[in-house]
1. Look at the stretch 14-38 and say how many of its residues are open to solvent by 50 Å² or more (accessible area, probe 1.4 Å) and touching a Lys or Arg at 6+ places or on another chain (Cβ under 9 Å).
2. Taking the residues in the stretch 337-384 that are of a type in the set (Phe, Trp, Tyr) and within 13 Å of PRO188 (Cβ to Cβ) as candidates, determine which candidate is nearest to the chain's Cα centre (by Cα).
3. Return the residue satisfying two criteria in turn: it lies in the stretch 135-145 and is out of contact with any Ser or Thr (no Cβ under 8 Å at 6 or more places or on another chain) and either farther than 13 Å from SER164 by Cα or of a type in the set (Lys, Arg) (or both), and of such residues it is farthest from the ligand (Cβ to nearest atom).
4. Please determine, by comparing only the residues of the stretch 226-268 that are in a loop (DSSP other than H, G, I, E, B) and touching a helix residue (DSSP H, G or I) at 6+ places or on another chain (Cβ under 6 Å), which one is surrounded by the fewest Cβ atoms within 10 Å (Cβ to Cβ).
5. I need the full set of residues from the stretch 269-284 which are surrounded by fewer than 18 Cβ atoms within 10 Å (Cβ to Cβ) and closer than 19 Å to VAL321 by Cβ, in order please.
6. Working only within the stretch 91-135, note down all residues that are under 24 Å from ALA300 (Cβ atoms), among the hydroxyl-bearing types (Ser, Thr, Tyr) and open to solvent by 40 Å² or more (accessible area, probe 1.4 Å).
7. Of all the residues that make up the stretch 278-292, how many are within 16 Å of the ligand (Cβ to nearest atom) and touching a helix residue (DSSP H, G or I) at 6+ places or on another chain (Cβ under 9 Å)?
8. Would you be able to say whether some residue in the stretch 286-300 is part of a helix (DSSP H, G or I) and surrounded by 20 or more Cβ atoms within 10 Å (Cβ to Cβ)?
Amino acid sequence: MTSPTERIVIVGAGQAGGRAAEALRGAGFPGEILLFGEERHEPYERPRLSKSVLLGEEPASAAALHPRAWYADKGIALRMRSRVEAIAPKSRSVITADGERVEYSKLLLCTGSRVRPLSGAPEGLAGVHYLRTFEDSERLAAGLEPGRRLVVIGGGFIGLEVASSARRRGLAVTVVERQGALLDRALPAEIAARVASLHAAHGAALRLGVPVARIHGNGAVKAVELADGAELPADLVVIGVGIIPNTELAETAGAVSADGLVVDEYCRTTLEDVYAAGDVTNHYNPILERRVRLESWQNAQNQAIAAARNIAGERRAYAEVPWFWSDQLGTNIQMVGVPDPAMQIVWRGERLAFGLLQDRVRLAVGFDMGGEIRAARRLIEARITVPAKRLADTAVRLKDLLTEATCSASTP
Ligand SMILES: Cc1cc2nc3c(=O)[nH]c(=O)nc-3n(C[C@H](O)[C@H](O)[C@H](O)COP(=O)(O)OP(=O)(O)OC[C@H]3O[C@@H](n4cnc5c(N)ncnc54)[C@H](O)[C@@H]3O)c2cc1C
């Protein structure tokens, strides 16, 4: 039960922090809500930063969750440009960078993640970018002029969305990926190959299976040298080699962390009355029957809402099939589930692929197939066995597969 005298402190005013504050009020929490964020902007969502903002279609400010006045209206105290430096669990308080101590009844950590630096990359070289924040996106967008040469280091989703936006703005683009396939961590190679074809068809050069040796420049970037000796002239370089969850604040206070801050299905960390949500967490997913650390809009949104409701006194487990989307070169790519190296890949037509483990659908990836992906999500949720042949048969509707399996399961 919550009371008006309680104070919830949220650390991290990104998507998860902002949505959690909103959900706390939505759940009727009557007490004080304090939201600390080290950035200067009110909470915003990052997906536009690599898409419409880089395309020059809208400013980064369009990504805000709500206008600033909305927080005051809801009685949410926004403390921007305010970094929390420490948690003191015994005195149930947090300490900010300016030494202020703020007590909490419950604490929610939504500290997200930061870009992983490329080792050996020179610092302060003009034209070398990372992409995580509002400012990163605006700076990069300003440099995307037609005819310039861009080298993207890292063939993950962020790198490929940058490559896509830059090609669409008329830049010459090369994507360098040290693994032999794009999207190595996110997709089975057979499906990722389709993404590679999409980029190649739009004129991007792909250098797969070769690491970067050095970035050259004097004041401004000039070229990227690869380990095989090739030198790629560059006016711009974008490094997208992954992210690191911001777990240190909680770890120093004694919370358990293992590839993300460990939380249970109610979003509780191992510290009393300390919860966490979003990119920073590693949680057990009962549908997948394994722990996962997700880097996605869906998880930032829905785990934050689940955390807020649990803080507000409901007992609600967070259990969803992971879903992710990416927009590249006019194609909407959506995936549900998670990949596994042992998966059998089954194509259903040319634009929808499934990943099966022991005849159970565990992953689906669609290219402009939003409706089918919704049906695929239900197949994963249902945890039923589906014959690969029927899955591949486009004459059989996905929702019929679900009904057939459900009926046979309930037939005595
Ligand atoms: C360019 C880009 C494009 C993306 N596109 C997609 C997409 O198309 N689809 C998709 O599903 N996902 C996408 N994502 C991923 C998605 O945006 C993230 O998973 C989501 O932002 C995670 O939200 P979060 O609130 O957990 O963390 P964050 O967004 O990282 O927010 C955490 C906030 O906490 C602040 N903070 C950290 N420590 C402290 C502290 N000690 N004190 C105060 N403040 C602190 C940080 O500065 C930050 O503002 C994209 C991400 C990026 C960067």
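1. Final tally of qualifying residues: 5.
2. Selected residue: PHE354.
3. GLU145
4. So the residue we want is TYR266.
5. TYR284
6. Matches in the stretch 91-135: TYR130 only.
7. Residues flagged as within 16 Å of the ligand (Cβ to nearest atom) and touching a helix residue (DSSP H, G or I) at 6+ places or on another chain (Cβ under 9 Å) within the stretch 278-292 amount to 6.
8. Yes, the stretch 286-300 has at least one match.
The values are calculated or read from the model by the stated rules, or taken from the named source; none is laboratory data. If you're wondering where the values come from, they're calculated on a predicted model, not measured in any experiment. Here the Cβ is made from the backbone with ideal geometry for all residues, glycine too, and neighbour counts use every protein chain on show. Protein only, heavy atoms only, side chains kept; ligands, DNA and RNA dropped before computing areas. Shrake-Rupley method; radii C 1.70, N 1.55, O 1.52, S 1.80 Å.
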